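A.B. asks: Below is a structure I'd like to ask you about.
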Amino acid sequence: MHAMVLKELRTALEWTELSDRQPGWGEIRVKVAACGVCRTDLHVVDGELPDPQLPIIPGHEIVGRIDEIGAGVEGVSMGERVGVPWLGHTCGICPYCLSCRENLCDRPLFTGYTRDGGFATAVIVDARYAFPLGENGSDEALAPLLCAGLIGWRSLKIAGEGKRLGLYGFGAAAHIVAQVAKWQRRSIFAFTRPGDVAAQAFARRLGAVWAGGSDEVPPEPLNAAIIYATPGDLVPMALKAVRKGGRVVCAGIHMSNIPSFPYGLLWEERQLMSVANLTRQDGLDFLRLAPEIGIVTTTTRYPLSHANKALADLRVGGFEGAAVLVT
């Protein structure tokens, strides 16, 4: 197998030839067809997440086909197309796992962070965290659904059912969530980097009723706002944008420090929440619903060997939608 490997933090990934790996108990091997490139991959490479397992193969929006099945695995078949998300393993016995909150597991493993991921031609996967994808849709189009889509779905559920929804940071996740929210007959207000007219136009094409800079105030108070961008100073701005009783959801795994802000922005029963990972039920629910919604992902394709270029472009917002590596 071949992979793009992170050997030291804050360095380029290295094209590496590795011995073929065999699945252990409860595992499968997946031949990778496509893997999305997520901002969390940047956080791993940049050392912004603590204690990565180095060397590590990043990538956690994986689409591929099962080509080896380990002992103890049932309910899957050779050649089946599956998707592999960020949360790659849970202990099954901690209080969170036992109370249907496995996304908060005390001893989790994360794909592309603490276990090898999909910037490779093959990956070993906990079979419990491989979602069936069926045969509709291309591998490239489905890849962003495995994180941008899943975390977007969970953040949308946590945001509540309010009709006026703000999305801060209009990238891979927001461009999927906007389509889901429009299908749910909500009004989308898109917040981009100040002056990013291309991203604002992209948001309007996807149905946003308003699009502007993250430093702007929306034309009417929002019921809820979801922050997909990383600057912590967006938190008080989003609180200012939501109405009394509104909710602000921080959907990223990493943000810069949140600045102090007046208590009045939080008062009147506004809520500030975060999203952590996903549950398998989130994955099953969203991936079952996605074809009905008719989600169309906007992707930019890169060969696997060009992973560093994809990460660099992601860092500066060099494309619309999501980047996807293809093998």
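A.B. asks: Looking only at strands (runs of 3 or more DSSP E) that lie completely in region 1-109, which have at least 1 residues being open to solvent by 30 Å² or more (accessible area, probe 1.4 Å), over 26 Å from K309 (Cα atoms) and modelled with pLDDT of 95 or more?
C.D. replies: In region 1-109, 27-37, 61-69, 87-89 are the strands (runs of 3 or more DSSP E) which contain 1 or more residues that are open to solvent by 30 Å² or more (accessible area, probe 1.4 Å), over 26 Å from K309 (Cα atoms) and modelled with pLDDT of 95 or more.
A.B. asks: Which one is nearest to the chain's Cα centre (by Cα), of the residues in region 223-246 that are surrounded by fewer than 23 Cβ atoms within 10 Å (Cβ to Cβ) and assigned to a strand (DSSP E or B)?
C.D. replies: In this case the residue turns out to be N223.
A.B. asks: Here's a check for you: in region 284-327, which residue that is among the basic types (K, R) and assigned to a helix (DSSP H, G or I) is most open to solvent (accessible area, probe 1.4 Å)?
C.D. replies: Filtering region 284-327 down to residues among the basic types (K, R) leaves 288, 301, 309, 315.
Then drop every residue that is not assigned to a helix (DSSP H, G or I), which leaves 288, 309, 315.
Details: R288: 152, K309: 111, R315: 113 Å².
It comes out as R288.
The values are calculated or read from the model by the stated rules, or taken from the named source; none is laboratory data. What you see is a predicted model; the values in this text were computed from it and never measured. Every residue, glycine among them, receives a Cβ derived from its backbone with ideal geometry; neighbour counts consider all protein chains shown. Note: accessible area is taken over every heavy atom of the protein model, side chains too, but ligands, DNA and RNA are not part of it. Shrake-Rupley method; radii C 1.70, N 1.55, O 1.52, S 1.80 Å.
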